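Report on the structure given below.
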Amino acid sequence: MRYPCGDRAPTMIIETSAASAGGAEGLRHYFLNGAYDEMFRSLDHPRKQYRPLHNLLLNLGPDELRRSKHEADQSFFNQGITFTVYGGDKGTERIFPHDLLPRIITAAEWEKIERGLTQRITALNLFLRDVYHEAKIIADGVVPGSIIYTCKHYRREMRGIKVPRDVYVTVVGTDLIRNPEGNFVVLEDNLRVPSGVSYMLTSRKVMKQIFPGLFQKCRVRPIEQYSQALLSTLRSLAPEGRPEPTVVLLTPGAYNSAYFEHTYLARQMGIELVEGRDLVVHDNIVYMRTTFGLQRVDVIYRRIDDDYLDPLVFESGSALGAVGLFNAYRAGNVAFANALGTGVADDKAIYAYVPQIIRYYLDEDPILENVETLLLSDPSQRAHVCERLDQYVVKAVGESGGYGMLIGPHSTEEERIQFRQRIQAQPRNYIAQPVINLSTAPCFVDGTIEPRHVDLRPYVLYGEKIVIVPGGLTRVALRKGSLVVNSSQGGGSKDTWVLQN
Amino acid sequence: MLSRVADSLYWMSRYFERADNAARVLEATYGLILNPAKFSTEERWYRAVSSLAPGPASGDVDPQRALFLLVADPEGAFSIVKCISGARENARQVREEISSEMWEHLNRLFHAVTGPNLQPGDDAGAMRAVRLVREGSYRFKGVTDATMSHDEGWHFIQLGKYIERASNLCVLLDAYFVVDKHADDLDWVGLLSSCAAFEAYCKACTAELRPDRIADFLLLKPEFPYSVRYSLDQMHHALTSISTLSLSRRTEKIERLIGRLRSMVAYVQVSEVMRGLHKYLAGIIEQCRDLHAAVHEVYIEYPIDVAFES
């Protein structure tokens, strides 16, 4: 295959076989630090799936990489792919930090991830149905009621409500990490309103422009069908007797940090982007105000937390939702994706029980392992952890986004004292996990290629059936040595390439 | 189309037109003030302020501060910077509805105008911002027409633009013809330039500046885009298109109001109008306000029981 001349197509990296003098320079600073490295078995032996990329990196000088990086950033900026950073006197829009080099996952690895996630989401969904109906799992003594009913996100109002197709978790983003043995394990289930999928979709578009040849050579599976899959998943939840359902995306508005994603998905699916003030509930039916009158709404893909959906039932001061939404939901006249109260299943204390939950409902062993988790409500585990805080990661159970977290080995004595007090005051609110050395992947940082820690968030859709597009968001801890990948804490992303068999 | 979206598009357009109008008026006024005048500069500033920032504050104008107040005052509700921010804020709420070209253009203009952080007394800086807005607004209108589908949303943009323009023109004409009794030729040039009309007027009526002809041109000329007649015709066109597209059955009131408003400029001669010009202009402004309220009531914030009846 021939490529046009370099000067005339600066967005495209020229892939040749002859090694140029500047090329190997880029990889000279690479090192292995005991974590599983995505690219290298040892520094002389790149893994098979990474060989085309490795060859390319040997042949590219830092200037070419820098130029491509610039082109990629420019492309993100022009497309307006930004998120809002809070703090200071006003929110400012930044582009999402993006690393140039793709993260590659083999077909075999993906096959296991796909089976594992399908199993896990099926079980968690059955768990949610059970918790809000018969609660057999409590009666059978598998998960203690004391833990379920003390969850911050348990919603008593959901007791006995029938949700469409018995599907509670329609859109899931599960965080996986790879341990030093090379196995993918689950770090966190995000069952409420997971975000980030727009970065997965837009970064793929940019990468195809920048590495067309490499992309083709690697035989990467497509992810572009995500928006169609999401729309048909949402439509499948529509109330009966609504063959042409109206689906809307409910956003908190232009000041939300994920507003770009909301506009992006609404546009990709061709559905209305509504705010709470656009919705009106009358006789338990939800309508949106349009210029030609009220139009009935059947399915709401809501990107607002439970607490703010309906001031009559939840936070009474909230202006983000609409009055009466919950009653319409209870009457079965409108569907929410995700259902309310799903946060009980991604509580970090419940997380510790997921292997048992899978065995209980499916009578199978978990395909994807959990990270070892200590419940600090248990006195002996608490005592053990409090003495060794410098060796553990401590997390608040109801938080996400990397907030409310102590990373023992990187903490100061003062922080540890503070956390010890917090744990003693509210033990149910905390769990501890051993520090896990997340796998590393090559990243282009400051003109050289260095290893950085990464995780993986695939997106699972659950309507009529479970659909997982082959890919996800690989999040990168861009600071050297850091293990925190959250975008609010200095993380970035990489395109994730799942290979065809 | 969602009512909230229609409302944001309408206001985006109104704020932009308001900024554009202020820019033209200020450019013309500033040009006048540089000349030695028969009458004091205070009076000319007073005329500009009273036509751009109506309210009790317009009575005592400090000429040193007038330009700053009208261009960059962060407190003032009528400054150009405030209007451009208002337009951008509305556009930001409906980013998925307007074209990326429109957003980029508006965003760039916003940063160009707010970036320099103008101080009172910096006349050159203020006039630079004025020029940016005037040129930017022509471009924005072009980009809007060229890149956006001419559907319901676009018609709401048109409606906002022309209702704002008609009202602004009437206020401006009132300031020149009624409030200011001793306008000279230079002032008439100023008025025409404020409406981007000097060349068009000369073409139609030669450079002989006769107040009644100027009034005729700016009020009743159906072909000139900055005339009241043209603006009302465009409003009528936008409203008809919206009611056809939205299939609304509650538009009788709007049809009545716009019909009456158009007849005020379509079936009169300038000599009749000149006899009671102030009252005539006030009548048009009043009816534009009524029309705005009626549109709001039918398309944007209709009561729910009404919606269920129809």
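Find the Rg to Rh ratio for chain B, where Rh is the Kirkwood radius over alpha-carbon pairs and Rg uses the same atoms.
0.97
Could you give the nm distance between label points at A:L43 and B:E89, where each point is 7 Å from its Cα heading toward the beta carbon?
5.8 nm
Tell me the net charge near A:N437. Cut-off is 15 Å between Cβ atoms, A:N437 excluded, with +1 for each Lys or Arg and -1 for each Asp or Glu.
With Lys, Arg at +1 and Asp, Glu at -1, the net is -2.
Need one number: the % of Cα-Cα pairs in segment B:85-170 sitting beyond the 15 Å mark.
On the way: 2352 of 3655 pairs.
Taking all Cα-Cα pairs of segment B:85-170, the fraction more than 15 Å apart is 64 percent.
Students often check this: by mean Cβ neighbours within 10 Å, which of A:308-315, B:297-304 ranks highest, and how do the rest follow?
A:308-315, B:297-304
By per-residue mean of other Cβ atoms within 10 Å, what is the highest-first order of A:125-131, A:354-360, A:69-75, B:205-211?
A:125-131, A:354-360, A:69-75, B:205-211
Shielding by partners for B:1-8, please: the mean number of other protein chain Cβ atoms within 10 Å of each residue's Cβ.
Other-chain Cβ atoms within 10 Å of each residue's Cβ, averaged: 6.
Roughly how many nanometres apart are two label points built 7 Å out from the Cα toward the Cβ at B:R289 and A:T106?
Between B:R289 and A:T106, the simple spin-label model gives 7.7 nm.
When a/c reaches 1.5 or more, the comparison of a/b and b/c decides; with that in mind, is chain A rounded, prolate or oblate per its Cα gyration tensor?
Oblate shape, in that a/c is at least 1.5 and b/c is the bigger or equal ratio.
Figure the gain on full extension for B:H278 and B:E223 (residue separation times 0.36 nm, minus the Cα-Cα span) and round it to one decimal in nm.
Additional length available on full extension: 17.4 nm.
Give the residue from A:F211, A:P243, A:I300 lying farthest towards the positive end of the charge dipole for segment A:208-302; charges sit on Cβ (+1 for Lys and Arg, -1 for Asp and Glu) and the dipole is referred to the Cα centre.
A:F211
For segment B:1-148, rounded, prolate or oblate, judged on the Cα gyration tensor with a ≥ b ≥ c (square roots of eigenvalues), a/c < 1.5 rounded, else prolate if a/b > b/c?
Working: a/c = 2.31, a/b = 1.99, b/c = 1.16.
Cα axes put segment B:1-148 in the prolate bin.
Hey, fewest Cβ within 10 Å first, where do B:M148, B:M235 land in order?
B:M148, B:M235
Note the full-extension length gain between A:D365 and A:L312 as 0.36 nm times their separation in residues minus their Cα-Cα distance, in nm to one decimal.
Contour length minus Cα-Cα distance gives 14.8 nm.
Put +1 on the Cβ of every Lys and Arg and -1 on every Asp and Glu Cβ in segment A:323-386; which of A:Y360, A:N333, A:G343 then has its Cα farthest towards the positive end of the dipole?
A:N333
Where Lys and Arg each count +1 and Asp and Glu each count -1, what net charge lies around B:V94 among other residues with Cβ under 13 Å from its Cβ? Could the numbers behind the result be given before it?
Numbers: positive: A:R267, B:R4, B:R88, B:R92, B:R95; negative: A:E272, A:E275, A:D278, B:D7, B:E89, B:E96, B:E97, B:E152.
In short, -3.
State to the nearest 20 debye the size of the charge dipole of segment B:41-195 about its Cα centre, where the only charges are +1 on K and R beta carbons and -1 on D and E beta carbons.
That gives a dipole near 320 debye.
May I ask for the angle, rounded to the nearest 10°, between helix B:3-33 and the longest principal axis of chain B, with both axes built from Cα atoms and the value confined to 0 to 90°?
That works out to roughly 10 degrees.
Tell me the angle of helix A:259-269 to the major Cα principal axis of chain A, expressed in degrees between 0 and 90 and rounded to the nearest ten.
On a 0 to 90 degree scale, this one is about 90.
Which shape class, rounded, prolate or oblate, goes with segment A:391-501 when its Cα gyration tensor gives a ≥ b ≥ c as root eigenvalues, a/c under 1.5 marks rounded, and past that a/b bigger than b/c marks prolate?
Oblate shape, in that a/c is at least 1.5 and b/c is the bigger or equal ratio.
Arranged from highest to lowest average of other beta-carbon atoms within 10 Å per residue, in what order do the peptides A:136-144, B:269-277 appear?
Result, highest mean first: A:136-144, B:269-277.
Which FRET efficiency value, to the nearest 0.05, is calculated for A:R422 and A:N284 with the Förster distance at 35 angstrom and r the Cβ-Cβ distance? Walk me through the numbers before you get to the answer.
Numbers: r = 43 Å, r/R0 = 1.23.
FRET efficiency, A:R422 to A:N284: 0.25.
For q values of 0.11, 0.14, 0.15 Å⁻¹, compute log₁₀ I(q)/I(0) with the Debye formula on a Cα-only model of segment A:235-358, without solvent.
Debye curve over Cα of segment A:235-358, log10 I(q)/I(0) at q = 0.11, 0.14, 0.15 Å⁻¹: -0.40, -0.63, -0.72.
Within a 10 angstrom radius of the beta carbon, how do A:I210, A:I105 rank from fewest other beta carbons to most? Show your work: numbers first, answer last.
Values: A:I210 20, A:I105 25.
Arranged by neighbour count, lowest to highest, A:I210, A:I105 become A:I210, A:I105.
In what order do B:M102, B:M264 fall by count of nearby beta-carbon atoms within 10 Å, going from fewest to most? Let's see the in-between values first.
On the way: B:M102 20, B:M264 17.
Starting with the residue having the fewest Cβ neighbours, the order is B:M264, B:M102.
Nothing charged except the Cβ atoms of Lys and Arg (+1) and of Asp and Glu (-1): what's the magnitude of the dipole of chain B about its Cα centre? Round to the nearest 20 debye.
Rounded to the nearest 20 debye, it is 280 debye.
Working from Cα positions, state the angle (0 to 90°, nearest 10) between the long axis of helix A:62-78 and the longest principal axis of chain A.
30 degrees
Can you tell me which aspartates and glutamates have their Cα less than 14 Å from the Cα of B:K82? Leave out same-chain residues fewer than eight positions away.
Straight-distance partners of B:K82: B:E17, B:D20, B:D73.
Could you size up the charge dipole of the protein assembly as shown around its Cα centre, putting +1 on the beta carbon of Lys and Arg and -1 on that of Asp and Glu, and report it in debye to the nearest 20?
Magnitude of the dipole: close to 1040 debye.
Need one value for A:290-301: mean number of C-beta atoms belonging to other chains within 10 Å of its residues' C-beta atoms.
Mean shielding count: 5.
Hey, what do the phi angles of segment A:291-298 turn into as Karplus ³J(HN,Hα) couplings, whole Hz, using 6.51/-1.76/1.60 and θ = phi - 60°, x for Gly and Pro?
5, 9, x, 8, 10, 5, 10, 10
Partner chain Cβ atoms within 10 Å, averaged over the residues of B:294-306 - can you pull that number for me?
2
Between B:L257, B:C202, B:L191, whose Cα lies farthest towards the positive end of the dipole of segment B:154-310 when Lys and Arg beta carbons carry +1 and Asp and Glu beta carbons carry -1, centred on the Cα centre?
Of the listed residues, the answer is B:L257.
Laboratory data are not the source of any read-out in this text; all were calculated from the coordinates shown. What you see is a predicted model; the values in this text were computed from it and never measured. Positions of Cβ are backbone-derived with ideal geometry, glycine not excepted, and every protein chain shown enters the neighbour counts.
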